[in-house]
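Comments concern the structure below.
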């Protein structure tokens, strides 16, 4: 059994309860920590003071800080109940890799280039909506609103003050009338 040192990891959250009868659990996370949950292959659970790796079969985000997880080899409610209240850790290097959402001061004034439409304008503001941040892009008199998330924004070139996006098909057309 592989044991990890606590000081090489950070606490992501804890397992709050079981879900269903097939061994799934719900864990609550720190909402300030930005992690791509769908990319996680494993987590470390603190059991009897030791951090033990658990490999993930499936994972899905339920709400802002609740995540539904099915671990390998945990196939019953009985096994899952033993994990309730266990703290969840990840390696510190994963925290360094996590992307924080763009801040207003970072990218206002950057030009925006879409994969399909080319240059669509310049970021004039970032709107902080309840569900997510929205880029407000000026294209002459036209205002284009694009969600600011990692599914759409795939590159920020600070040197050339450019944001590269791959907007969902038809989204930009709504604003440009094309």
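Bear in mind that the values in this text are calculations on the coordinates, not laboratory data. All values reported here derive from a predicted model rather than from experimental measurement. For neighbour counting, all protein chains shown are included, and Cβ atoms are generated from backbone atoms with ideal geometry for every residue, glycine included.
Over the C-alpha atoms of the chain, the Rg to Rh ratio, Rh being the Kirkwood estimate, stands at 1.10.
Taking other C-beta atoms within 10 angstrom as a stand-in for reagent exposure, 10, 54, 27, 71 fall in the order 10, 54, 71, 27, fewest first. Cβ-to-Cβ counts within 10 Å put 110, 21 in ascending order as 21, 110, the fewest first. Overall, the ratio between the Cα radius of gyration of the range 104-176 and 2.2 N^0.38 Å, rounded to two decimals, is 0.99.
I need the fraction of alpha carbon pairs in the range 6-97 separated by more than 22 Å, rounded to a whole percent. I get 18 percent for the Cα pairs in the range 6-97 exceeding 22 Å. Taking each DSSP H run with n ≥ 4 as -39500 (n - 2.57) and averaging over every residue of the chain yields -2500 deg cm²/dmol at 222 nm. Comparing mean-square fluctuations of 13, 118, 23 from a GNM of the chain with C-alpha springs under 10 Å, the top value falls on 118.
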